[in-house]
Amino acid sequence: MSRRAAAALLAVLVAAASGERLRAQEDLQQDMQDNGPPQVNGPAFLPWLDDTDTSGPTDAGPSGAYPDAAAPVFDPARLALLPELRVGVVMDPAAGDFGRVAPLREALEAGLRIPVLLIAYRDLAHLQRAILAAEIDYAPLSASAYAEADRDCRCLEPLVAPRLPDGEARWHAIVLARAGEGVASLAEIAGRRIATGPRAALGSRLAQIAAAAAVGVDLGREEATLIEHPDPVAAVLALIRGDADVAFAWSSLQGDAAEGYSSGTLRDLRRRAVETDGLEVVWASEPIAGAPHVVRRDLPQEIRRAIVAVMTGKEVAAAVSSGGFVPVEARDYAPVAAAFPPDAGAASRGRMTPLGGRD
């Protein structure tokens with residue numbers, strides 16, 4: 001990226017007034033005409049304007065923002081609280097991802113009645129660091145990325161999370177064993193062969209290890225007993241084959257148990273016509289909400305309440321996430337927070353589903 005582009009991007013990030021934002025925008029557009037698009041190695045302003053229109057940041061852009069209606073009228077009282085909401089997202093502007101994030105920006109700007117600035121980050125780790133550094137106010141994170149970040153700063157608050165594809169709002173980390181083989185509780189998995197998901201998987205490894213430690217089973221000292229698999233389905237198949245005594249997986253624990261519940265690892269196996277009747281759930285976590293949309297706690301309370309109202313509205317459900325969003329609180333991620341205790345070292349930040357899904 002040229003120095004001029006970098007300066008323009010920095011100006012966008014620190015500008016509080018829309019006039020300053022527009023000037024930074026115009027500088028960036030001119031630089032792109034002279035030097036081509038900047039490389040997205042850190043935060044980058046998404047200009048939401050077409051190649052010729054430089055009249056203002058709320059005009060129709062690459063996404064066709066507000067094609068059939070006037071730009072939203074901003075609320076002076078809200079502007080006094082927060083001149084602009086900076087929203088970070090994981091996306092690659094060069095890949096044409098504007099359309100994917102346009103509905104989120106438009107819904108927030110129309111509902112909050114303040115300007116909404118989208119800032120692109122190349123991956124979840126950069127997005128996580130940005131909200132920790134207060135470069136942005138709002139970010140859709142994975143559950144583990146939120147828990148890890150808030151462990152470090154105690155500065156984040158989850159506001160909403162998407163429903164699962166089956167319509168459920170929560171899911172559980174679970175431990176499975178074969179019925180009648182002497183494993184009836186979490187405390188009894190010590191010394192057993194344990195099939196898990198990937199090393200960084202929250203729902204099929206980290207949550208169970210943390211819960212086991214809470215009942216006196218230190219699987220960190222018994223790491224040789226942990227058999228890593230590429231996904232929880234493979235872990236449970238190892239249990240069914242007899243290659244393991246216990247398997248870590250996840251489930252909604254809602255719906256018909258004979259069909260593997262409404263969603264989760266057991267449901268995935270039943271869809272493959274795998275017989276699971278000989279398995280039993282010997283432990284389940286407290287309910288865990290989906291991947292949260294989080295804000296910094298220094299965001300004004302009125303703005304936070306308004307974000308919840310906007311994101312749980314029917315219009316956003318249709319435009320941003322087919323299943324809609326539900327309000328969440330920090331306590332909805334207690335099992336996740338337990339997997340990232342204050343004295344833990346660096347860990348994976350999880351997989352990212354930017355606008356909807358499960359961690």
How many nm separate the modelled label positions at Glu228 and Ala330, each set 7 Å beyond the Cα in the direction of the Cβ?
3.2 nm
tail above 22 Å in the computed P(r) of the range 113-191, as % of all Cα-Cα pairs, reads 50 percent
Interchain or sequence-distant (5+) residues whose placed amide H lies within less than 5 Å of the amide H of Leu253 are Ser262, Ser263
³J(HN,Hα), Karplus 6.51/-1.76/1.60, whole Hz, each residue of the range 106-111, x for Gly, Pro:
5, 5, 5, 5, 5, x
Multiplying the sequence separation of Glu280 and Leu81 by 0.36 nm and subtracting their Cα-Cα distance, what value in nm do you get?
66.4 nm
Amide H within-cut-off set for Met91, under 5 Å, with H built and near neighbours excluded
Tyr121
Please list, in chain and number order, the residues 5+ apart from His229 or on another chain whose amide H is under 5 Å from its amide H, with Hs placed from the backbone.
Thr196, Gly197
Accessible area of Ser322, 1.4 Å probe, to the nearest 10 Å²?
130 Å²
By the mean-Cβ-within-10 Å protection proxy, highest first, 272-278, 172-178 rank as 172-178, 272-278
What ³J(HN,Hα) values, in whole Hz, does the Karplus curve 6.51 cos²θ - 1.76 cosθ + 1.60 give for the range 146-157 when θ = phi - 60°, with x put for Gly and Pro?
5, 4, 5, 5, 5, 4, 7, 10, 6, 10, 10, 9
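The values are calculated or read from the model by the stated rules, or taken from the named source; none is laboratory data. Only a predicted model underlies this, so the values are computations on that prediction, with no experimental measurement involved. When we count neighbours, we look across all protein chains shown, and the Cβ atoms used for this are built from the backbone with ideal geometry, even at glycine. The area values use the complete protein model at the heavy-atom level, side chains included, leaving out ligands, DNA and RNA. Shrake-Rupley method; radii C 1.70, N 1.55, O 1.52, S 1.80 Å.
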